[in-house]
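What follows is a set of notes on a single structure, which appears directly below.
The values are calculated or read from the model by the stated rules, or taken from the named source; none is laboratory data. Being a predicted model, the structure only gives us computed values, none of them experimental. For neighbour counting, all protein chains shown are included, and Cβ atoms are generated from backbone atoms with ideal geometry for every residue, glycine included. For accessibility, only protein heavy atoms count, side chains too; no ligands or nucleic acids. Shrake-Rupley method; radii C 1.70, N 1.55, O 1.52, S 1.80 Å.
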Amino acid sequence: MAEAFPDVTQIRFEGPGTKNPLAFRHYNPDEVVAGMTMADHLRFSVAFWHTFRGTGADQFGVGTMVRPWDDGTQSIENAQRRVRAAFEFFEKLGVKFWTFHDRDLAPEGETLAETNRNLDAVVAVAKEEQARTGIQLLWGTACLFSNPRYMHGASTSCNADAFAYAAAQVKKAIEVTHELGGLGYTFWGGREGYTTLLNTDMGRELDHLAKFLHMAVDFKKEIGFTGQFYIEPKPMEPTKHQYDSDAAACVAFLQKYGLMGELKLNLETNHATLAGHTMEHELETAIHFGVFGSVDANAGDVMLGWDTDQFPTDIYLTTNVMLRIMKAGGLAPGGLNFDAHVRRESFEPIDLFHAHVGGMDAFARGLKIAAKLREDRALDDFIAQRYGSWDTGIGAKIEAGKVGFKELEAYMLEKGEIAPNASGRQEMLENILNDYIA
């Protein structure tokens with residue numbers, strides 16, 4: 001096969017002064033930051049579906065993307081050619097990981113058996129390319145939302161046959177993820193939810209979703225797959241009320257159904273935005289409950305109420321994300337997966353490189369800034385001081401469980417009034433963050 005990107009050589013680090021648009025200004029994979037290389041901190045991954053199956057189509061127009069390696073057919077040969085083009089891209093970009101949806105990787109056939117054969121034929125090429133390049137599969141997943149059979153959901157469908165078909169599809173997706181040495185597997189409930197309670201038994205659907213995930217856990221153990229299972233929270237779109245709406249909802253679900261310890265969260269910035277949260281809020285929630293796993297690195301547009309999946313270029317965002325990731329002890333076995341696509345107007349193959357280079361540089365800057373903030377304790381010391389009343393005296397007794405309401409009543413009757421509150425100094429802290437980012 002001829003090169004898919006003949007005009008692009010290996011993307012290299014050239015430093016902040018470079019004028020080369022196809023070079024890294026900040027991402028130097030071998031540079032050591034806080035005791036680890038940038039490559040090991042950031043664990044960049046490319047999403048196959050957006051990068052090699054995105055067409056640029058939207059609700060108002062057909063696709064615009066120019067992809068010379070793709071003949072537009074649903075043939076196995078074309079699907080295999082896409083995979084080879086993808087690995088050329090991964091290799092030239094310098095990432096170590098990739099991710100896929102089953103139906104974006106290989107076309108669906110007339111029957112489940114034919115569909116599985118199609119997937120096997122394309123996975124065989126992906127396996128060859130992984131061996132050739134050393135690039136690993138970060139995680140795989142199954143598309144349980146695009147086919148009309150899933151109009152009512154997959155594991156939460158009112159049609160038991162849809163549940164059964166979804167189980168068969170996920171079984172195969174886990175098998176091929178295992179075959180490719182995947183480090184994880186992600187469940188994204190694109191239609192696991194409801195539009196109206198007038199026709200929905202919500203409790204029964206949640207029970208079914210839990211049964212589905214328990215079956216997946218059992219199968220994972222049966223075949224010896226040791227990769228991490230993830231749930232990816234999202235509040236809406238396409239379903240009005242999705243059951244995995246945000247990190248807290250996922251935690252409650254995992255706790256209720258005995259799945260804590262079996263699944264962690266793959267958090268996406270744009271999904272956090274749609275849920276009315278910041279990404280750092282979702283990360284803090286997941287870290288607190290011990291379910292932080294991996295990140296879909298993208299950004300939304302606060303002026304648009306849907307999943308725009310833009311590339312992350314906001315240094316405040318990447319700094320805040322890396323602060324939480326470093327607090328969690330790092331990403332492994334997860335990664336920063338660019339679940340993002342170029343804009344409809346950016347239709348040339350070269351734009352794929354521009355987009356990923358920008359995102360990688362933005363996260364490299366965020367990493368370095370976050371590491372310096374942590375090294376200097378520029379925020380940590382203030383937070384520790386702010387909560388100092390909990391380290392001694394009555395605060396320490398409360399945290400240790402040594403007092404109850406009666407003792408606290410007696411304490412306040414004797415003291416009379418609380419100690420004066422101190423300022424939260426939000427503006428000062430924002431100024432400090434600005435100084436580090438500048």
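Of the residues Ala396, Ala422, which single one is modelled with pLDDT of 95 or more and over 30 Å from Ile369 (Cβ atoms)?
After ruling out the rest, the residue left standing is Ala396.
Considering each residue of the stretch 137-154, count those that are surrounded by 18 or more Cβ atoms within 10 Å (Cβ to Cβ) and outside any loop (DSSP other than H, G, I, E, B), and give that number.
Residues meeting the conditions: 6.
Which of the following residues is closer than 21 Å to His271 by Cβ and in contact with a helix residue (DSSP H, G or I) (Cβ under 6 Å, 6 or more places away or on another chain): Ala355, Ala378, Ala328?
Going through Ala355, Ala378, Ala328 in turn, the sole match is Ala328.
Quick check on the stretch 1-40: of everything there that is touching a strand residue (DSSP E or B) at 6+ places or on another chain (Cβ under 6 Å) and in contact (Cβ under 8 Å) with a residue 60 or more places away in the chain, which residue is most open to solvent (accessible area, probe 1.4 Å)?
Among residues in the stretch 1-40 that are touching a strand residue (DSSP E or B) at 6+ places or on another chain (Cβ under 6 Å) and in contact (Cβ under 8 Å) with a residue 60 or more places away in the chain, the one most open to solvent (accessible area, probe 1.4 Å) is Asn28.
Looking at the stretch 83-95, can you tell me whether even one residue there is open to solvent by 20 Å² or more (accessible area, probe 1.4 Å), assigned to a helix (DSSP H, G or I), of a type in the set (A, V, I, L, M, F, W, C) and out of contact with any Leu (no Cβ under 8 Å at 6 or more places or on another chain)?
The answer is no, given that none of the residues of the stretch 83-95 is open to solvent by 20 Å² or more (accessible area, probe 1.4 Å), assigned to a helix (DSSP H, G or I), of a type in the set (A, V, I, L, M, F, W, C) and out of contact with any Leu (no Cβ under 8 Å at 6 or more places or on another chain).
Quick check: is even one residue across the stretch 100-113 without any contact (Cβ under 8 Å) to a residue 60 or more places away in the chain, over 18 Å from Tyr185 (Cβ atoms), of a type in the set (S, T, N, Q) and assigned to a helix (DSSP H, G or I)?
No: the stretch 100-113 contains no residue that is without any contact (Cβ under 8 Å) to a residue 60 or more places away in the chain, over 18 Å from Tyr185 (Cβ atoms), of a type in the set (S, T, N, Q) and assigned to a helix (DSSP H, G or I).
Report yes if Asp339 is at pLDDT below 95, open to solvent by less than 50 Å² (accessible area, probe 1.4 Å) and acidic (Asp, Glu), otherwise no.
The answer is no for Asp339.
Mind checking which residues of the stretch 275-299 are at negative phi and in a loop (DSSP other than H, G, I, E, B)?
Residues satisfying the conditions are Ala275, His277, Thr278, Phe289, Val291, Ala297, Asn298.
Tally time: how many residues in the stretch 288-327 are open to solvent by 40 Å² or more (accessible area, probe 1.4 Å) and under 20 Å from Gly35 (Cβ atoms)?
2
Across the stretch 129-152, what is the total count of residues that are touching a Phe, Trp or Tyr at 6+ places or on another chain (Cβ under 8 Å) and at positive phi?
The number of residues fulfilling the criteria is 0.
Scan the stretch 321-347 for residues that are hydrophobic (A, V, I, L, M, F, W, C) and either assigned to a loop (DSSP other than H, G, I, E, B) or closer than 22 Å to His288 by Cα (or both) and jot them down.
Val321, Met322, Leu323, Ile325, Met326, Ala328, Leu331, Ala332, Leu336, Ala340, Val342, Phe347
Yes or no: Ala126 surrounded by 22 or more Cβ atoms within 10 Å (Cβ to Cβ), of a type in the set (A, V, I, L, M) and part of a loop (DSSP other than H, G, I, E, B)?
Spelling it out, it is not the case that Ala126 is surrounded by 22 or more Cβ atoms within 10 Å (Cβ to Cβ), of a type in the set (A, V, I, L, M) and part of a loop (DSSP other than H, G, I, E, B).
Which numbered condition in (1) hydroxyl-bearing (Ser, Thr, Tyr); (2) under 25 Å from Asn320 (Cβ atoms); (3) open to solvent by 20 Å² or more (accessible area, probe 1.4 Å) is the only one that Ser45 fails?
(3)
For residues that are assigned to a loop (DSSP other than H, G, I, E, B) and under 18 Å from Thr319 (Cβ atoms), scanning just the stretch 374-388, find the one that is least open to solvent (accessible area, probe 1.4 Å).
Here the residue is Ala378.
What residue, of Gly56, Gly72, Gly63, is open to solvent by 50 Å² or more (accessible area, probe 1.4 Å) and part of a loop (DSSP other than H, G, I, E, B)?
Going through Gly56, Gly72, Gly63 in turn, the sole match is Gly72.
Against the condition closer than 30 Å to Lys368 by Cβ, part of a loop (DSSP other than H, G, I, E, B) and touching a helix residue (DSSP H, G or I) at 6+ places or on another chain (Cβ under 6 Å), how does His41 come out, does it pass?
no
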